[in-house]
1. What's the carbon and sulfur percent of region 70-145's accessible surface, probe 1.4 angstrom, rounded to a whole number?
2. On the principal axes of its Cα set, how long, how wide and how thick is region 63-129? Give whole Å, largest value first.
Amino acid sequence: MSHGARRRARNADRGGHTTRAEINIVSLVDVAFTLLLIFIITAPALQGGVEVEVPQGEVTSIRAQDNPFFVSVERDGTIYIGETPVSREDFEEAFPQLVRVAQPPFIYVRGDSLADYGVVFRVISAVAAAEGIPFGLVGEPLPRR
């Protein structure tokens, strides 16, 4: 008698029931979709960044990039390179060196609509001085009428 035949005979002695191990795929898929939904909802909230209320105007959409390079000016005049705050003096000294090392393909300047124009202008001047690297100003589109 083979091994499989002996197992069937033993199961027949127990009342004829055979045990089948199964995984309920439906509940596994439900859990996966639930986790995906939670991730999709929370991912935008997890993206850090400096909160700046940029002015409104006739603007076009920003092209998607892997690592966008932002320089931001907050309402109180604080300058940020990415998410790192720097003083005005440190910005003017460190920014050219940082650009030489990082070689970003494009620089986005975000200035708060209520920030001091002089500070924003100094940032734009420093960014424009980076040779060979294009830059743009970030704004909100005007509301549709």
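1. 53
2. Over region 63-129, Cα extents along the principal axes are 29, 26, 20 Å.
The values are calculated or read from the model by the stated rules, or taken from the named source; none is laboratory data. Because the structure is a prediction, the values reported are computed rather than measured. These accessible areas exclude ligands, DNA and RNA; they are computed on the full protein's heavy atoms, side chains included. Shrake-Rupley method; radii C 1.70, N 1.55, O 1.52, S 1.80 Å.
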